[in-house]
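One structure is given here, and the rest of the page talks about it.
The values are calculated or read from the model by the stated rules, or taken from the named source; none is laboratory data. From a predicted model like this one, the values you see are computed outputs, not experimental measurements. Backbone-built Cβ (ideal geometry, glycine too); neighbour counts: all protein chains shown. Areas reflect the complete protein model, heavy atoms only, side chains present, ligands, DNA and RNA absent. Shrake-Rupley method; radii C 1.70, N 1.55, O 1.52, S 1.80 Å.
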Amino acid sequence: MIHINENFLKLRAGYLFPEIGRRVRTFKEQNPSAKVISMGIGDVTQPLAPAVIEAMHRAVDEMGRPETFKGYDDGGVGYEFLRKAIVENDYKARGADVDIDEVFVSDGAKPDTGNMQEVFGVDNVVAVADPVYPVYVDTNVMAGRTGQANEIGQYEGVVYMPATAENGFVPEPPSRPADMIYLCFPNNPTGSVATKEQLAAWVAYARENQAVILFDAAYEAFISDPEIPHSIYEIEGARDVAIEFRSFSKTAGFTGVRCAYTIVPKSLKAYKKDGQTVEINPIWKRRHCTKFNGVSYVTQAGAAAVYTPQGREQIARTIDVYMTNARVIRERLTELGYQVYGGVNAPYIWLKTPDGLGSWAFFDRLLNEAHVVGTPGVGFGPAGEGYFRLTAFGTLANVKEALDRIAAL
Ligand SMILES: *Cc1c(COP(=O)(O)O)cnc(C)c1O
């Protein structure tokens, strides 16, 4: 008899986006002439940079000639030309020490943040922020690292760390010990960033508790404040306790192309039951090369073009488009008396719902009266109740029209 992995049955149904879709469809059926503007999109909309497109075209041509054809990327960890560009530009240039053998190129930060837990024991305690990007939690549920969910959707055994207006949406280390700590800065959904001091407190906690920090820096490219660290490895001692996830998805519009990378430092160790230390880098390499066979050459050639002078300039312009939207959203909403957070170092604006409305009540008001769609904060966790997420990934014209309608509410 074939048994199911019953951990999967603990998962709460993916409720947030289907429910949003259902309410929007119902509204459109009843109001066929309404022009609905979405500010809930968590996906980029601007096309790839010309430098990336040119590099991909050249790579396609190379694949068509016997002398330049490429088969498997040796071991699947990524071509040296890309890993070298990553080390030089994303780390060395910021004074962070990362070696080429510590870079693992992959098809996404979502798979990497989801898969990394496999190398750690199932009895580890997981800590996440509330609200949270759901991948960190759900993949640990699947692995059997949690109990059942309660009525507010929190799983038994997981340490939830509320991110609130009081702590600037940057949770402090918990009072109880945790072993696997997921942090995401700049943050989705709150748009918050962590300072050097705040990250240093986390590194100190991880060192003290012999824990690992799983640091998701997918939105690093949106940081505008020169004081904010882009990498956890800008913090002293982080190489011994942190793994970092990066992605070309939001940085360079690769959500449909698929390329990302993960840094696993050679000095990072976990422990056996008898207290003996084990290096994580060779274990992750073994896992990565067993279950994954590399990102396509054409894609890696496109990703490397992100680091050329033209690529960098073109990508900065695209990020400017989104961050102009973010600024307009922030400024208009502030003028209108809303309490807004984020939107300075991240493409997300996190707002306090007005009049004490719940997240879903505000969603319905915005949809029915302004024909604007956003994302209810409570969908990312109970501490998100009374908050609402708007994204800056639309067009400026739509953003302006949406804000005019919100002003008229
Ligand atoms: C979009 C996003 C990613 C990127 O995932 P990819 O699989 O690389 O496209 C990672 N983490 C967070 C929090 C995100 O919002």
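Charge dipole of the chain (Cα centre as origin; +1 on each Lys and Arg Cβ, -1 on each Asp and Glu Cβ, all else neutral): 720 debye, rounded to the nearest 20.
DSSP finds beta bridges in region 53-308, and of those with both partners inside it, around 45 percent are antiparallel. Pairs Lys28/Lys250; Lys70/Lys269; Lys110/Lys269; Lys35/Lys110; Lys28/Lys400: which are spaced more than 25 Å apart, C-alpha to C-alpha? Result: Lys28/Lys250; Lys70/Lys269; Lys35/Lys110 exceed 25 Å. Computed over region 291-404, the quotient of the alpha carbon radius of gyration and 2.2 N^0.38 Å is 1.34. Dividing the mean sequence gap of close Cα pairs (under 8 Å, 6+ apart) by how many residues region 251-293 holds gives a relative contact order of 27 percent. Shape class for region 53-158, computed from the alpha carbon gyration tensor (a ≥ b ≥ c): prolate, with a/c not under 1.5 and a/b above b/c. For region 126-280, what class follows from the C-alpha gyration tensor (a ≥ b ≥ c being the square roots of its eigenvalues): rounded when a/c is under 1.5, otherwise prolate if a/b is larger than b/c, else oblate? Cα axes put region 126-280 in the rounded bin.
Helical runs assigned H by DSSP (4 residues or longer) give the chain a calculated mean residue ellipticity at 222 nm of -10500 deg cm²/dmol, each run adding -39500 (n - 2.57) before division by the residue total. Compactness of the chain is given as radius of gyration and Dmax, 21.7, 67 Å, from Cα positions.
Shown for the chain are the DSSP H helices of 30 Å or more along their axis, judged by Cα atoms, with a mean Kyte-Doolittle hydropathy of at least -1.0: 309-335. The mean accessible area for residues of region 287-395, using a 1.4 Å probe and ignoring ligands and nucleic acids, is 37 Å² per residue. Work the Kirkwood hydrodynamic radius out for region 218-340: mean of 1/r over every pair of different alpha-carbon atoms, inverted, in Å. Radius from the Kirkwood sum: 17.6 Å. Mean sequence separation of contacting Cα pairs (under 8 Å, at least six apart), scaled by the length of region 241-372, corresponds to a relative contact order of 13 percent.
Heavy-atom surface analysis with a 1.4 Å probe gives region 53-308 a carbon and sulfur content of 50 percent of its accessible area. Amide H contacts of Ala242 (H built 1.01 Å from N, in plane; Pro and chain starts excluded): Ile213 sit under 5 Å, all sequence-distant by 5 or more or on other chains. Packing order of peptides 200-209, 166-175, highest average first: 200-209, 166-175 (average count of other Cβ atoms within 10 Å over each peptide's residues).
Here's how it looks for Tyr387: its modeled amide H is under 5 Å from those of Thr353, Ser359, Gly377, Val378, which are all 5 or more places away or on a different chain. How high is the relative contact order of the chain, in percent, counting Cα pairs under 8 Å that sit 6 or more residues apart? Reported as a whole number, the value is 23 percent. Among Asp97, Asp355, Asp74, the residue with the largest mean-square fluctuation in a Gaussian network model of the chain, with springs joining Cα atoms closer than 10 Å, is Asp355. Look at the dipole of region 293-409 built from charges on Cβ: of Pro354, Pro376, Gly394, the Cα furthest out on the positive end belongs to Gly394. Each principal axis of the Cα cloud of region 149-237 was evaluated for its coordinate range; sorted largest first, these ranges are 41, 28, 23 Å.
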